[in-house]
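Q: Pasting a structure below so you can have a look.
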Amino acid sequence: MSKVTLSVIKADVGSYVGHSCVHPELMETAEQFLARKSESLLIDCLVTHVGDDMVLILTHEQGTDNAAIHELAWDTFMEATQTARKLKLYGAGQDLLADSFSGNIKGMGPGIAEMEFEERPSEPVVVFLADKTEPGAWNLPLYKIFADPFNTAGLVIDPKMHVGFDFEVHDLIEHKRIVFRCPEELYDMLVFIGAMGRYGIKAVYSRTLNDIAAVSSTQRLNLMAGRYVGKDDPVCIVRCQSGMPAVGEVLEPFARPHLVAGWMRGSHYGPLMPCSVKQSTPTRFDGPPRVVALGFQLCHGKLVGPQDFFADPAFDLARRKANEIADYMRSLGPFEPHRLGLDELEYTTMPEVMEKLSERFEPIE
Ligand code: F6R
Ligand code: MG
Ligand code: MG
C-alpha cells in the first residue's frame, strides 16, 4: 500500500454557550459537507470536538500540506460558520482569519497536525485535542512520552526504543527550528522546551525505525492576527506500539495534570484536565483547560475507532487533582502566576490599558 496521511485540523468557528461547546448542528453541517464534497479525495473522516473547537480527523493519500485537503477543511469550516451565524452562536467564524482560501491552511487561523507514513501491519494512533491552551502544552507530555524512562518503560526495556528519539523543536517567535538527538542532548533541549510560550515540540522521530512518531500543531493564532483572537487550542498525533511508546505510556503523562497557559481570556495558567469528549465543555472560569485522547487503529487508512481514552475511571484521580489545583490557582485571582506574565499578555487587551495610562507614568527622582 502507498503511504497514508493523517491530518487533524481544528478551528473554533462558533460555539455555544459562550466559548464552551460545539453545537450538534454545526457538527452535522460539517459531516454532511465532507460526505458531499470529499469524493475520492479522502479515505475516511471523523468530525469531533474538544470544548468550543471543531476537529476534522482526515485520512487520505495526498501527503502533508496538500492544497486540495486543506481547501476541503477550510470549506468545511466556512460551511459550519454559516450554520453558526444562522443560530447566532458565539464567535461565528472566529478562527478563520481570511475571507478565502489561499493554498495552505497553515497561517490562516485553524490549527493543523499532519503526518504521512507507511501503515504498519497494525497501526495504533492516539489523537490528542486540547481546549483553552496553546501549542506549548504538548512539550511536557511529549518529553515524558519519548524521553523520560520514569514515564516510558520502553525507553529502558524495548531495544527499538532504547536508542532514543529525535525531537524537532520550533522557535514559535523567530520561526526557526532545531533537531535535538535524545537522550544525548536532553539537557540542552530542556533549556528550550521548558519555555512553553516560545518553543514547541513540532515532531518526534524514532531513530531505530527511521520514521515519524509524533506531530503537533504549532500555530499561534494571536501572533498571526496581531491581536487577541482566542487561544490556539492545539492538537497532536502520536503513533503507538511495536517500537513506538505503548498506548499506556502515551496516556501516562496526563495522569498528573500540568499547568498550561490559556485559561480565561487566554490570560491565565491552569491545570490541563484530561476528560472525555462529552466532558470537554469548559465551565469554571471558562475552564479549566481540557485535553481529550482519541485512539484509532488505522486499517488501510480507515479510522477504526475512536476509543475515548480519558472517559476511563483511571483518570478520575487526575481530574480530582486538576480540580484541586484549579481551585488553588483561582484563589490567586489577577495575580501571577495564575495570571500570565506581562510579556505573554502582549496579544490580549492588556496593551490598551498600558497605552491609556502611559502618559501618567513619570520618572521616579
Ligand atoms: C479562553 C476563551 C474565553 C474567552 C472569554 C471572553 O481561551 O476562549 O475564556 O476569552 O470568554 O470572551 P469574549 O472576549 O469573546 O467575550
Ligand atoms: Mg470560542
Ligand atoms: Mg477553544
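Every number in this text was worked out from the coordinates using simple rules, so none of it is lab data. Given the structure is predicted, the values throughout are model-derived calculations rather than measurements.
Q: Using only the Cα atoms, work out Rg/Rh for the range 249-344, with Rh taken as the Kirkwood radius, to two decimals.
A: Numbers: Rg = 15.2 Å, Rh = 14.3 Å.
Radius of gyration relative to Kirkwood radius: 1.06.
Q: While we're on this one: Over the chain, what is the relative contact order in whole percent, taking alpha-carbon pairs under 8 Å and six or more residues apart?
A: Details: 826 pairs, mean separation 67.6, N = 365.
Result for the chain is 19 percent.
Q: Would you mind giving the three semi-axes, in whole Å and largest first, of the ellipsoid equivalent to the range 1-117 according to its Cα gyration tensor?
A: Numbers: eigenvalues 113, 38, 30 Å².
They are 24, 14, 12 Å, listed from largest to smallest.
Q: Determine ³J(HN,Hα), in whole Hz, for all residues of the range 354-364 in sequence, where each value follows from phi through the Karplus function 6.51 cos²θ - 1.76 cosθ + 1.60 and θ = phi - 60°; x replaces Gly and Pro.
A: So the Karplus estimates, Gly and Pro as x, are 4, 4, 4, 9, 4, 4, 7, 6, 10, x, 8 Hz.
Q: Quick one: divide the alpha-carbon radius of gyration of the range 46-187 by 2.2 N^0.38 Å and tell me what you get.
A: Values: Rg = 18.4 Å, N = 142, 2.2 N^0.38 = 14.5 Å.
Output field value: 1.27.
Q: For the chain, divide the Cα radius of gyration by the Kirkwood radius and give the resulting Rg/Rh value with two decimals. List each step's numbers first, then the result.
A: Working: Rg = 20.1 Å, Rh = 20.8 Å.
With Rh from the inverse mean 1/r over Cα pairs, Rg/Rh is 0.97.
Q: A further question follows. With just the Cα atoms of the range 140-244, tell me how far they stretch along each of the three principal axes, in Å, largest first.
A: 48, 25, 24
Q: Can I ask one more? Give me, ordered by chain and number, the residues 5 or more places off Cys21 or on other chains with an amide H under 5 Å from its own placed amide H.
A: The answer is Tyr16.
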